[in-house]
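Beneath this line is the structure, given in structure tokens, with notes to follow.
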Amino acid sequence: MPELPEVETTRRGIAPYIEGQEVTEVLVRQPRLRVPVPDDLAERLVGAHIGVLRRRAKYLQIPVQPANGGKGDVGATLLWHLGMSGSLRIARVGDLPKKHDHVDVVTASGYVLRYHDPRRFGFVDWQAEDETQDKRLAHLGPEPLSDAFNGKWLYTLSRNKRVAVKPFLMDNQVVVGAGNIYAAEALFMAGIDPRRAAGRVSRARYDALALAVKEVLAAAITQGGTTLRDFVSGQGEPGYFAQRLNVYGRHGQPCLRCGVELRRITLGQRASVFCPGCQR
């Protein structure tokens with residue numbers, strides 16, 4: 001599943017091609033996604049101009065501004081989620097669609113924003129006018145690369161929590177974007193056993209963990225995300241952070257830091273790999 005670095009990589013990749021562009025056509029080949037494609041998608045988009053793309057957690061936010069006299073709501077925003085296997089890529093007018101290319105947003109410049117999703121678990125939908133009232137966004141925690149996310153925040157929320165620290169870190173109400181891969185890597189970097197109760201981690205160790213989360217995610221974004229199955233960037237390029245993974249997917253192999261064999265366990269119904277030598 002594309003995580004925060006993959007979605008941020010997608011945003012950065014497609015933004016230069018579609019920001020400020022007028023939409024001239026919308027093609028919906030398969031409307032039955034996880035959330036049905038809105039019936040008024042073409043009506044509201046054609047003639048509109050695309051604003052500056054944003055990201056909230058794993059959602060892409062695409063503001064659209066109707067042209068003078070055009071149809072649609074002022075300040076409307078498309079909310080796009082890539083699901084398990086989706087990708088948004090840039091094509092050119094005339095490029096033939098492939099199987100599972102479900103939605104095209106065509107711009108006056110000749111570039112096409114094309115949504116590809118073999119499993120159809122993603123969606124495109126209109127965001128609520130007031131973001132705080134959109135049920136998909138309203139209860140999300142802070143962005144991990146923002147100043148709002150820090151060790152003090154984690155320490156305060158974790159008091160008296162018996163849940164293991166890894167599922168605690170992966171809770172989107174605690175912080176967004178610390179998915180399974182990146183939580184495992186951050187806990188390794190901070191030297192924290194993923195099984196430890198969240199309420200029994202000290203403030204100093206949460207300071208280290210928050211810093212590790214920021215470093216891991218920033219590095220993953222720089223590398224274009226982590227390609228394990230389906231993810232490619234807006235230009236169809238794979239992500240290369242998988243080459244820098246220290247623990248995720250390496251169970252049974254020696255730790256790159258201490259040489260102890262990495263162990264695989266299950267936490268919160270998710271596989272987790274850690275080093276029993278480095279992580280306490």
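The values are calculated or read from the model by the stated rules, or taken from the named source; none is laboratory data. Since the model is a prediction, treat every value here as computed from it, not as a measurement. Heads up, the Cβs are rebuilt from the backbone with ideal geometry, glycines too, and the neighbour counts pull from every protein chain shown.
Structure notes:
- Unique match (being touching a Phe, Trp or Tyr at 6+ places or on another chain (Cβ under 9 Å), closer than 16 Å to residue 125 by Cβ and not β-branched (Val, Ile, Thr)) among 89, 54, 44, 32: 44
- Residues in segment 251-280 that are in a strand (DSSP E or B) and touching a Gly at 6+ places or on another chain (Cβ under 8 Å) were compared, and the one that is surrounded by the most Cβ atoms within 10 Å (Cβ to Cβ) is 273.
- Close pairs from segment 142-164: first among the β-branched types (Val, Ile, Thr), partner part of a helix (DSSP H, G or I), Cβ under 8 Å, at least 6 apart: 163/198
Per-residue answers, yes or no, for (1) touching a strand residue (DSSP E or B) at 6+ places or on another chain (Cβ under 9 Å); (2) closer than 20 Å to residue 87 by Cβ; (3) modelled with pLDDT under 95:
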| site | (1), (2), (3) |
| --- | --- |
| 1 | no, yes, yes |
| 6 | yes, yes, yes |
| 9 | no, yes, yes |
| 13 | yes, yes, yes |
| 17 | yes, yes, no |
| 30 | yes, yes, no |
| 33 | yes, yes, no |
| 42 | yes, no, no |
| 46 | yes, no, no |
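- Residue count, segment 32-63 (criterion: out of contact with any helix residue (DSSP H, G or I) (no Cβ under 9 Å at 6 or more places or on another chain) and either in contact (Cβ under 8 Å) with a residue 24 or more places away in the chain or part of a loop (DSSP other than H, G, I, E, B) (or both)): 17
- Single residue of 117, 101, 130 found to be of a type in the set (Asp, Glu) and closer than 21 Å to residue 46 by Cα: 101
- Extreme residue, modelled with the highest pLDDT, among residues of segment 207-238 that are surrounded by 15 or more Cβ atoms within 10 Å (Cβ to Cβ) and at positive phi: 224
- Qualifying residues in segment 247-271 (those that are among the polar types (S, T, N, Q) and modelled with pLDDT of 95 or more) - the one farthest from residue 15 (Cα to Cα): 253
- From the options 13, 94, residue that is outside the structural domain of residue 220 (by TED's automatic domain parsing) and at positive phi: 94
- Checked against the criterion of being touching a Leu at 6+ places or on another chain (Cβ under 9 Å) and closer than 20 Å to residue 131 by Cα, segment 16-35 contains not a single residue that satisfies it.
- Listed by position, the strands (runs of 3 or more DSSP E) inside segment 93-147 whose residues that are among the aliphatic types (A, V, I, L, M) and buried (at least 17 other Cβ atoms within 10 Å of the Cβ) number at least 2 are 101-107, 111-116.
- Inside segment 175-189, residues that are crowded, with 24+ Cβ neighbours inside 10 Å and either over 18 Å from the mean Cα position of the chain (by Cα) or aromatic (Phe, Trp, Tyr) (or both) make up a count of 3.
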